[in-house]
């Protein structure tokens with residue numbers, strides 16, 4: 001099963017602020033370089049979409065109400081949603097704050113089918129949290145994710161085994177995971193527009209054109225996906241970044257980097273694992289992306305140590321003083337088990 005909250009950030013804002021209900025709400029910071037985090041369905045009617053520049057959204061819908069994101073609040077609601085999932089199964093794989101896979105092969109709530117579980121979850125989300133979600137049910141993750149989008153918003157759709165072939169064949173090839181714009185263009189040059197076109201090609205042809213991904217295309221076009229629901233997937237990295245209203249010097253990025261470091265450090269403290277690597281990200285006004293990272297012998301154990309490494313990484317940037325930057329970010333990665341770290345002896 002795949003559960004996807006409907007316009008999650010915007011819906012939480014509309015739920016908590018009655019004056020926003022029924023109005024085009026855009027979750028974004030207003031600014032020349034800000035992007036849309038989420039848009040209510042009222043805003044989407046004007047063509048506003050996530051990741052769109054905020055200025056474009058404002059132009060598409062001058063009456064849109066912009067509200068800055070509150071990720072701590074969204075995270076708290078997400079935990080409430082996952083608690084509802086956990087009533088029915090322990091096999092939950094969160095993908096983000098607003099979506100997750102559930103394995104409901106065995107149902108601990110006593111319900112008789114995945115369909116009943118999906119209906120129960122959607123009802124609980126509506127009654128207890130005053131939000132809506134869409135659910136997709138299928139024999140595997142690939143199909144379930146497509147199904148959850150089939151009747152959005154507030155939808156429910158099941159792809160039964162006997163439906164797989166007819167369900168997949170007419171879908172645009174872009175529905176296949178891993179097929180981004182570049183791959184979709186390459187497929188288009190070969191006359192491949194739908195999943196059915198992929199299905200018609202021999203494995204050898206797909207592999208000759210797309211290498212190992214060709215086999216994946218071959219399998220997904222037949223509805224084959226053996227990936228399992230992964231419970232408690234370890235955090236790989238935590239980061240935050242900010243885009244400046246005007247291009248600034250490297251020295252001027254430091255206050256923002258320190259502010260972001262404080263946010264990242266607080267979030268990392270929720271993990272029972274230690275981050276070993278500090279990563280600095282910068283983007284110049286010419287859109288050149290620069291990263292610098294450092295993995296000390298002993299991982300940072302305090303915010304001050306994290307900030308010290310961040311400052312050191314900034315000093316390692318060797319571009320000309322005239323370089324101006326449009327974005328800065330800082331992150332922690334390479335997480336390891338905290339208990340193991342405590343007993344890991346130094347090599348020197």
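The values are calculated or read from the model by the stated rules, or taken from the named source; none is laboratory data. No experiment lies behind these values; they were computed from the predicted model shown. All Cβ positions, glycine included, derive from the backbone under ideal geometry; neighbour counts span all protein chains shown.
Which numbered condition in (1) in a loop (DSSP other than H, G, I, E, B); (2) touching a helix residue (DSSP H, G or I) at 6+ places or on another chain (Cβ under 9 Å) is the only one that residue 62 fails?
Tallying (1) in a loop (DSSP other than H, G, I, E, B); (2) touching a helix residue (DSSP H, G or I) at 6+ places or on another chain (Cβ under 9 Å), residue 62 fails exactly one: (2).
State all residues of the range 72-88 that are touching a helix residue (DSSP H, G or I) at 6+ places or on another chain (Cβ under 6 Å), in a helix (DSSP H, G or I), modelled with pLDDT of 95 or more and surrounded by 19 or more Cβ atoms within 10 Å (Cβ to Cβ); if no residue qualifies, say none.
77
Hey, could you check the range 96-124 for residues that are in a helix (DSSP H, G or I) and in contact (Cβ under 8 Å) with a residue 60 or more places away in the chain and say which is nearest to residue 79 (Cα to Cα)?
Filtering the range 96-124 down to residues in a helix (DSSP H, G or I) leaves 114-124.
Restricting the remaining residues to those that are in contact (Cβ under 8 Å) with a residue 60 or more places away in the chain gives 114, 117-118, 121.
Values: 114: 22, 117: 18, 118: 18, 121: 14 Å.
Ranking the qualifying residues of the range 96-124, first place goes to 121.
What number of residues within the range 46-55 satisfy the criterion of being in a loop (DSSP other than H, G, I, E, B) and touching a residue at least 24 places away in the same chain (Cβ under 8 Å)? Even if it seems obvious, please write down each step before you answer.
Here is the first cut: in the range 46-55, the ones in a loop (DSSP other than H, G, I, E, B) are 46-52.
So of that shortlist, the ones also touching a residue at least 24 places away in the same chain (Cβ under 8 Å) come out as 48.
Selection size over the range 46-55: 1.
Which pairs do you get when a residue that is within 13 Å of residue 101 (Cβ to Cβ), found in the range 222-235, comes within reach of a residue that is surrounded by 12 or more Cβ atoms within 10 Å (Cβ to Cβ) and at pLDDT below 70, reach meaning Cβ atoms under 6 angstrom, with the pair 6+ apart or on two chains?
none
In this structure, does residue 244 turn out to be at pLDDT below 95 and either more than 29 Å from residue 32 (Cβ to Cβ) or touching a helix residue (DSSP H, G or I) at 6+ places or on another chain (Cβ under 6 Å) (or both)?
On the way: at pLDDT below 95: yes; either more than 29 Å from residue 32 (Cβ to Cβ) or touching a helix residue (DSSP H, G or I) at 6+ places or on another chain (Cβ under 6 Å) (or both): no.
Taking the combined requirement at face value, the residue does not satisfy it.
Can you pull out the helices (runs of 4 or more DSSP H) entirely within the range 192-237 that have at least 2 residues that are crowded, with 16+ Cβ neighbours inside 10 Å and within 26 Å of the chain's Cα centre (by Cα)? Let's see the steps before the verdict.
Values: elements: 195-199, 203-210, 212-220.
The qualifying helices (runs of 4 or more DSSP H) are 212-220.
What are the residues in the range 118-139 that are surrounded by 17 or more Cβ atoms within 10 Å (Cβ to Cβ) and out of contact with any helix residue (DSSP H, G or I) (no Cβ under 9 Å at 6 or more places or on another chain), if any?
Across the range 118-139, the qualifying residues are 118, 122.
Hey, can you tell me all the residues within the range 168-183 that are surrounded by 14 or more Cβ atoms within 10 Å (Cβ to Cβ) and either over 24 Å from residue 157 (Cβ atoms) or modelled with pLDDT of 95 or more (or both)?
Scanning the range 168-183 gives 168, 169, 171, 183.
Please count how many residues of the range 20-45 are more than 20 Å from the chain's Cα centre (by Cα) and either more than 22 Å from residue 76 (Cα to Cα) or part of a loop (DSSP other than H, G, I, E, B) (or both).
So the answer is 11.
Restricting to the range 11-45, and then to whatever is under 19 Å from residue 154 (Cα atoms) and without any contact (Cβ under 8 Å) to a residue 24 or more places away in the chain, can you tell me which residue is surrounded by the fewest Cβ atoms within 10 Å (Cβ to Cβ)?
Taking the candidates together, the pick is 22.
If I filter the range 251-281 down to residues being under 20 Å from the mean Cα position of the chain (by Cα) and outside any helix (DSSP H, G or I), which single residue comes out as surrounded by the most Cβ atoms within 10 Å (Cβ to Cβ)?
Result: 279.
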